[in-house]
Each structure stands twice: as C-alpha cells, then as structure tokens.
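Here is the structure we will look at.
The values are calculated or read from the model by the stated rules, or taken from the named source; none is laboratory data. These figures come from a predicted structure and were not determined experimentally. Cβ sites come from the backbone with ideal geometry, for glycine too, and all protein chains shown count toward neighbours. All accessible areas refer to the heavy atoms of the entire protein, side chains included, with ligands and DNA or RNA removed. Shrake-Rupley method; radii C 1.70, N 1.55, O 1.52, S 1.80 Å.
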Amino acid sequence: MTNDDLPIGRRVARWRVRRQMTQQMLADRLRRSKSWVDKIERGVRPLDRYSVIQELAHVLRVDPEVLLGQPRSTPAGPPDGVDDIRAALARYDTPQAPQETDELRRQVGYAWLTYQHAHYGQLVRVLPGLLDAAQGARSAELLVQAYRITSSLLVKLGEPDLGWLAADRAMTAAADDPALAATAAISVSQALRAAGRDRLALAASLAAANRVRPQRSAGEWAVGGTLLLQAALAAAGCGEHHHANELTDRAAGVAAHLRGYDDQHRTSFGPVAVELARVLVATSRGDAIEALQRHSTVVRRDGWRRLPAEYRGAYLVDAARAYLQVGDLRGAARALVDADSVAPAEVRCRPLARTLIADVARAQPAPAGVARLATLVGLTR
C-alpha cells in the first residue's frame, strides 16, 4: 500500500510515531482526549474538517497536504473526466445495492477535503462514483453535499451550465429541509453568476438568505452569511453597487457574531470572507484602487491563511484581475504566481486564469513568473 492509499488516520499515526509522540502527548497538545486520537488513527472517527486537519498538521509539523497524501504535480489544462461526470448526472437508475451511510459520509468528507485543497484532477476521477453511490443512498444530506461538490468543481472548470444542473439537483434533493435548501442555494448562485446570470443569482441567493431565521444554529447562520455575500457579488455584477454594499454590510453583521463555529457546511464564512468579498465588489464597480488597498490589508490578517487553499487561490486569481484594471502588470503577475503556489490547479486548470495569464504575458518583457505559467498552460511553445 502506497502513502497515497493510506487512510488519513494511518498517516496521522505514522507522523505521530515519527515525531516520537505517544497518543497521550498528541492529545495533550491538541487539547483533546487520548480516546479521540485513538479513534482518529483507527478510522473509527472521521477526520473530515479542514480546521482539524490544519491543527493536527501544525502539531505534527507537516503540511496539511501531507496528511491527505503526497501531493502530485498538477497538470496544465482542465483535467479529463468532465464527460464522466456528465454521464453520472444523466443516469437515472438507482444502484441495486445502496452503500452504507457511514462509508458514503467518509467518501463525501474526503471529496470536500480534495476540493478545498484544489486537487481538481483527483476530484474529477472521484465524483462519478460518488454521485452513483449518493444517488442510491437514503440520505438527502449526503446527496445534497455530493451535488454541491460537483457543482462547485464544474464551475471551476468552465462548465457553469452543467454546474447549474448539479446545483438544481441539490435543491431538489433538499426537498422541504430548510437548512439543506439554503446550502444548495449557495451552489445555485455560484453557478448562475459563473454563467453570467447575475440577476437570477441575486434573486435566488437573497430569497434563500431571507429564509434563514434567528433561531437557527451558528452553522446555518454562516450559510445565511454566505448567501448574503453571493447576493452582494451578484448585485455588483448587475451594476447595483449600493445594494451590493448593503448586502456586504449585512453579511459583516452576521460574521461579527460568529466565533469558533463548526463549519459543517463548508462555507469558510467569517470576517475575512466578508473582507475578500468587499475587494471583489470594489473591483466590479471599477474602483480598483480601493480594491487593491483592501486586498493588501486582508491578506495580512491571521484568518487569511486559515482559509482553504481553494478559497485563497480563487481569490488571488480575482485579485489579479483587479491589478490588471489599473494597469499594474507586476501586481497581477504576483497575484497569479501566489495563486499558483497556494493552489496550482486554480491557475493551471481554470479558463479564467488562463485568460489572465495571457493578458499579463503580452507585456514585453513579461513579468517574472508569468512566462513560466504561460508555458505551463500551453500559451507559449
């Protein structure tokens, strides 16, 4: 069995032994029980939270990706396999032998982690089987999550209409469950915005956000805050800049009251996410100076590095676009190179990043680092 094939709990155990720690020593440093560590290492307890992976990696003095398996080099260009995902979405027959819910939950957790670490090539290979398994399960929650992951990945790979289909499937699977419907609405809004349908995205995300009630849990409030940010970005895309600012302010109010919640819905919502959205809203209204001032401040905050690699990489690609608006090619180049170091697939697999690299690479001479990226994505020979 290679290191790639090892369950994550086994990798934790191996690195604990390498660091000459007992289970009790690791538990003490994590401020958890020895029983918790033992269950993690034996795979009895799932390890599917990004924040917990980071905490373990910090104590074990390794990169979080090491606990997920040795990272492979990221190929340039969109990964093959989208047609397989399309075929999985087109299958309407239910598997004869539904998978065990616990095993399916583990697979969904692994898919989320793969997405958050921007291992898109690996995720493309995983999703067809995961969709088949989830469609045959009797868990609306896991089916919604599988469709959400699928939608998010398809949007990244320049397939917004197919992403919209997956998001719509998530809404259908949510049925009358308001919490699941709210999380599915995030994917609907993302796909609609990526397809250039900002007006529809604004209506969908704002309606869903307004259905989140005060009695809901902190995690669901985070979903509501994320929907407000989606609505703000959609409003900015419609040219409704004042409305976009109001919605961002509402999201900031939600974020101010959330502290240390369990991000079970994988929103990464919080004060830093709000500030990143402010940068993007300023960029949309053409105020690149304000956008870049905010950008330089927010990426120095502690919460920035706690965001998933996918989130940071995607944001840095958007920041490169803001630099281009003011003609700062070197700033755009730095943002793209930084995005490539954080999440290579964000730069090498996404059509949007390819376009930005081409714009920056036209300069003579091309800024440092961009010529290499241009070669990697096939823009130069």
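Chymotrypsin sites (Phe, Trp or Tyr not before Pro), restricted to region 86-185: which are DSSP loop and have at most 13 other Cβ atoms within 10 Å? Taking region 86-185 and a limit of 13 other Cβ atoms within 10 Å, the loop chymotrypsin sites (Phe, Trp or Tyr not before Pro) found are Y92.
Using a probe of 1.4 Å, the accessible surface attributed to R45 totals some 110 Å² when neighbouring protein chains are kept in position.
Taking the 1.4 Å solvent-accessible surface of the chain as the whole, the part contributed by carbon and sulfur is 49%.
Its relative contact order, with pairs defined as Cα atoms under 8 Å and 6+ residues apart, puts region 118-185 at 26 percent. Rounded to the nearest 10 square angstrom, W304 shows an accessible area of 20 square angstrom against a 1.4 Å probe. Taking the empirical scaling 2.2 N^0.38 Å for compact globular proteins as reference, region 210-282 has a Cα radius of gyration ratio of 1.04.
Rounded to a whole number of µm²/s, how large is the Stokes-Einstein D of the chain at 10 °C and 1.306 mPa s, given Rh as the Kirkwood radius over C-alpha pairs? The estimated diffusion coefficient comes to 74 µm²/s.
Between L206, L26, L130, the Gaussian network model of the chain with springs among Cα atoms under 10 angstrom shows the greatest mean-square fluctuation at L26.
Find the accessible area per residue for the chain; the probe is 1.4 Å, ligands and nucleic acids are left out, and the unit is Å². Write down the numbers at each step before the final one.
Details: 17590 Å² over 381 residues.
Result: 46 Å² per residue.
Each 10 Å bin from zero up to the one holding the largest Cα-Cα distance in region 165-257 carries the following percent of pairs: 20, 51, 27, 3.
If you rank E310, E346, E275 by how much accessible surface each has, with a 1.4 Å probe, what is the order from largest down?
Details: E310 25, E346 0, E275 50 Å².
Descending order: E275, E310, E346.
Rolling a 1.4 Å probe over the protein chains gives K34 an accessible area of about 100 Å².
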